[in-house]
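Novice: Let me give you the structure first, and then I'll get to my questions.
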Amino acid sequence: MYEEIGQNKRNSIILVVVFAAVLILLGYIFGQVAGFGYFGIVLAFIISTAMALTGYFRGDKIVLAVSRAKPASREKYPQLYNIVEELIIASGLPMPKLYIIHDNDAPNAFATGRDPDHASIAVTTALLNRLNRTELQGVLAHELSHIGDYDILFATLIGIMVGMVALMADFFLRYTFWGGGRRRSSNNSSSGNGFIMILALALAILAPLFALIIQLAVSRQREYLADANAALMTRYPEGLASALEKISRDPGVLEVSNRATQHLYIISPIKSIRDRKKKSSLFSTHPPVEDRIKRLREMGE
Amino acid sequence: MLWILVVIIAVGLIWLISAYNGLIRLRQRVKNGWSQIDVQLKRRYDLIPNLVETCKGYMQHEREVLENVTRARTQAIEVSGGAAEQAKAENFLSQTLRSLFAVAENYPQLKANENMLKLQEELTTTENRVSFARQHYNDQVMKFNTKTEVFPTNLIAGAFGFTKKDFFQTEVPEEREPIKVNF
């Protein structure tokens with residue numbers, strides 16, 4: 001448990017540093033292509049610092065806003081509050097803030113925040129409607145485990161960065177294609193431009209892919225671990241096992257999820273990835289559900 | 001030579017203090033765990049009169065079941081003694097509640113009663129809270145007891161009068177299951 005927390009904090013720092021390096025490289029190339037020179041690096045440095053700070057302090061708010069999660073009131077969702085309060089007693093964690101995503105099609109849930117004192121759990125209305133009490137308890141215990149071992153910090157930072165890298169690469173590509181030409185005409189070095197253009201293009205394609213691969217690699221092991229911790233917390237692995245079964249069989253599509261937030265959810269909300277025949281392929285953020293269920297059921301025996 | 005001696009004594013003292021404080025901390029957690037159980041048990045005592053009142057209107061022929069619940073509640077409140085005594089009384093109360101819900105199954109109108117539905121959720125969560133608080137307490141007791149028994153902290157535990165704590169035990173195996181109330 002303590003090793004997990006330490007590892008998550010370390011990973012978060014490495015992530016921020018690697019991310020800043022990639023961004024500065026991007027800034028350099030952008031500066032060369034657009035003719036800003038070293039201003040590109042300065043700009044990239046400022047942007048990456050601002051983003052790391054935003055990701056740390058405001059990441060949870062952004063993720064919740066992007067997912068269109070609204071604060072859940074105790075009066076309207078007494079059972080949700082009851083279940084989380086029970087698990088707080090079992091785990092000794094502080095009470096997280098609870099949010100609702102108004103989606104009646106896709107049962108799903110995620111946790112976000114920077115540490116157990118600043119944590120939130122969001123659940124869809126479909127989850128509340130379709131799961132029974134013990135299944136809900138299993139899902140919420142899984143989310144609380146993510147909070148307890150600081151998975152939320154790393155996952156939230158990743159979400160913010162993947163989102164930003166994708167956004168910037170997109171902008172960058174457009175700029176080089178449509179806007180870059182005019183500025184470049186005032187620049188006299190024409191031979192190097194072709195090479196930098198190709199490099200820029202390659203980077204623009206590679207950067208989001210690179211971010212995606214980090215995102216995938218880290219979150220699979222965490223899911224198994226959170227499942228195991230949830231079973232330990234509730235002493236009833238069957239609750240979560242049956243919840244995973246129900247959620248994964250459900251055909252509903254969660255509209256508010258996207259590439260930058262999909263790894264946060266208890267079960268990957270992107271069906272095309274989930275349904276891919278190849279089990280545990282490179283592009284899935286979650287281990288195959290059948291395998292998770294099997295492990296849980298073995299624990300219960 | 002003197003230096004070495006001073007260092008050894010200093011290290012020994014530091015170890016003694018930290019081990020003693022460690023024991024105090026663990027004992028404090030055990031206490032906290034116990035008061036958590038108390039809070040949840042109190043919550044349960046407060047709910048029961050309401051439950052009995054709601055059931056009374058529908059279950060005229062089941063006086064005995066209702067009286068059992070009330071009696072078990074009174075006994076649990078009045079019990080004095082250690083964890084073992086308290087656990088026994090609480091387990092008895094859980095049993096009577098379970099049979100009340102089993103009987104309530106036969107009363108469709110009662111099952112549909114809105115007040116009853118709310119009470120059912122409240123009781124389910126309270127039962128869960130009690131058992132999670134118990135689980136948490138037992139985890140803390142286990143840590144504390146292990147610490148008082150293993151060498152070398154057992155020397156300090158013995159010298160300063162740290163004694164082993166009772167577990168909050170459930171005697172009947174089926175009690176480990178959460179009560180299932182399916183309306």
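Novice: So what's the back-of-envelope 222 nm ellipticity for chain B, counting only DSSP H runs of four-plus at -39500 (n - 2.57) apiece and dividing by all residues, rounded to 500?
Specialist: -27000 deg cm²/dmol
Novice: Here's a follow-up. How would you rank A:100-106, A:156-162, highest first, on the average number of other Cβ atoms within 10 Å across their residues?
Specialist: A:156-162, A:100-106
Novice: Here is a follow-up. Students often check this: by mean Cβ neighbours within 10 Å, which of B:133-139, A:37-43 ranks highest, and how do the rest follow?
Specialist: Result, highest mean first: B:133-139, A:37-43.
Novice: Something else: Could you tell me which of the pairs A:61/A:97; A:9/A:70; A:97/B:118 are separated by over 20 angstrom between their Cα atoms in the structure shown? Before the final figure, lay out each step's value.
Specialist: Details: A:61/A:97 11 Å; A:9/A:70 28 Å; A:97/B:118 23 Å.
Over 20 Å apart, Cα to Cα: A:9/A:70; A:97/B:118.
Novice: In chain B, which whole DSSP H runs stretch at least 24 Å along their own axis (Cα) and average -0.5 or higher on the Kyte-Doolittle scale?
Specialist: Span-like helices, by this rule, are B:2-56, B:83-104.
Novice: Quick query: amide H of residue A:101 versus all other amide H atoms, modeled in the peptide plane; which residues come in under 5 Å with a sequence gap of 5 or more or a different chain?
Specialist: Here A:70, A:123, A:124, A:125 satisfy the definition.
Novice: Right, here's the next one. I want the local charge near residue B:56. Using Cβ-Cβ distances under 12 Å, sum +1 for each Lys or Arg and -1 for each Asp or Glu among the other residues.
Specialist: Local charge sum for residue B:56: -2.
Novice: What is the average number of partner chain Cβ atoms found within 10 Å of a Cβ in A:84-90?
Specialist: 6
Novice: How many Cβ atoms of partner chains, on average, are near each residue of A:134-140 if near means within 10 Å of its Cβ?
Specialist: 1
Novice: Also: Work through the residues other than residue B:34 whose Cβ is under 12 Å from its Cβ and net out their charges, Lys, Arg +1 and Asp, Glu -1. Intermediate results must be reported in sequence, preceding the final value.
Specialist: Working: positive: B:27, B:29, B:31, B:134, B:165; negative: B:38, B:166.
It works out to a net charge of +3.
Novice: Counting partner chain Cβ atoms within 10 Å of every residue's Cβ in B:117-129, what's the average? Could the numbers behind the result be given before it?
Specialist: On the way: counts 0, 1, 0, 0, 5, 2, 0, 5, 8, 2, 1, 11, 7.
Counting Cβ atoms of other protein chains within 10 Å of each residue's Cβ and averaging gives 3.
The numbers here are math on the coordinates, done by the rules we state, and not lab data. All values reported here derive from a predicted model rather than from experimental measurement. Note: ideal-geometry Cβ built from the backbone for every residue, glycine included; neighbour counts use all protein chains shown.
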